[in-house]
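S.K.: For reference, the structure I am asking about is given below.
The values are calculated or read from the model by the stated rules, or taken from the named source; none is laboratory data. This structure is a prediction, so every number in the text was calculated from the model and none was measured. Neighbour counts are summed over all protein chains in view; Cβ atoms, including those assigned to glycine, are modelled from backbone coordinates with ideal geometry.
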């Protein structure tokens, strides 16, 4: 997992997309995977890269996350924040349910 997360920091946008895709294929719904991908989805200016991150988030954390073409950055960040809040509540509830 740490190596895949490192791809997200690469200067080459294609490598960042590859990192998002590789993490998506792991299917691992954990802070270790979600938080760095979420950072890319929020902070990336290259639409191809942040869309790859959004696609990875939907696969890893589930839930509904749809960002329309041509939307404003503020709208994207708001939708990502809403998705993150729901994801964190679900993770917290699942942890309580397991008794951890």
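S.K.: List the pairs whose first member sits in the stretch 60-74 and is at positive phi, whose second member is surrounded by 11 or more Cβ atoms within 10 Å (Cβ to Cβ) and modelled with pLDDT of 90 or more, and whose Cβ atoms are under 9 Å apart, counting only residues at least 6 apart or on separate chains?
M.R.: Filtered contacts from the stretch 60-74: 62/29; 62/87; 62/90; 63/57; 63/83; 63/86; 63/87; 63/90.
S.K.: Moving on. Can you pull out every residue in the stretch 37-85 that is part of a helix (DSSP H, G or I), over 13 Å from the mean Cα position of the chain (by Cα) and over 17 Å from residue 14 (Cβ atoms)?
M.R.: 73, 74, 75, 78
S.K.: Another question about this same structure. Please verify whether the stretch 16-32 includes one or more residues that are over 12 Å from the mean Cα position of the chain (by Cα) and assigned to a loop (DSSP other than H, G, I, E, B).
M.R.: no
S.K.: Here is a list: 61, 43, 70, 19. Which entry is over 15 Å from residue 87 (Cα atoms) and surrounded by 14 or more Cβ atoms within 10 Å (Cβ to Cβ)?
M.R.: Residue meeting the stated conditions: 19.
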